[in-house]
Amino acid sequence: MKIMSHSKTKTSFYRRIYVTWLITRGINTVPKIITATGMPRRTAQDTLEAIHELGIELQNTGGSYQLLSWGAVNPHWVEANINQLKDVLAYP
């Protein structure tokens, strides 16, 4: 079995998209994101703070996030490739 390593740029990009996808599924708070992914709290917080750099717009209301716009990210591509994102990130 060949173990592939991925660049920090790729994993950061995928992590932001994946967290956005989770938000659209109601996994929209830091504790819920941590539970769903196993990522550390600080990583979840940093990811949420950086999502806007992709042009994705979120609204934070009392710690609960809502997607306002995917921006330049194609949500159909995300849906079709969600398993690839999860595999690269090693998320359940």
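Quick look at the numbers
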{"read-out": "Computed FRET value (nearest 0.05) for R42 with S69, which takes r as the C-beta separation and R₀ as 22 Å", "value": "0.25"}
{"read-out": "Cα-only Debye scattering, segment 8-89: base-10 log of I(q)/I(0) at q = 0.18 Å⁻¹", "value": "-0.68"}
{"read-out": "Those aspartates and glutamates that a straight Cα-Cα span of less than 18 Å connects to K8, excepting residues fewer than 8 apart in one chain", "value": "D46, E49, E53, D87"}
{"read-out": "Among G62, G38, G71, residue whose mean-square fluctuation peaks in a GNM of the chain (springs only between Cα atoms under 10 Å)", "value": "G62"}
{"read-out": "Separation between Cα centres of segment 3-43 and segment 47-83, rounded to whole Å", "value": "11 Å"}
{"read-out": "Counted charge near N81, where neighbours are those whose Cβ lies closer than 15 Å (Asp, Glu -1; Lys, Arg +1)", "value": "+2"}
{"read-out": "Estimated distance in nm for a label pair at K86 and E53, the labels positioned 7 Å out from Cα along Cα-to-Cβ", "value": "2.6 nm"}
{"read-out": "DSSP-loop trypsin sites (Lys or Arg not before Pro) across segment 16-92, with at most 13 other Cβ within 10 angstrom", "value": "R25"}
{"read-out": "Fewest-first ranking of S64, S7, using other Cβ atoms within 10 Å as the exposure measure", "value": "S7, S64"}
{"read-out": "Percent RCO, i.e. relative contact order, over the chain, from Cα pairs under 8 Å lying at least 6 residues apart", "value": "31 percent"}
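Since every read-out is calculated from the coordinates, none of them should be taken as a lab result. Just so it is clear, the model here is predicted, and its values are computed rather than measured. Glycine also receives a Cβ, built like all others from the backbone with ideal geometry; neighbour counts cover every protein chain displayed.
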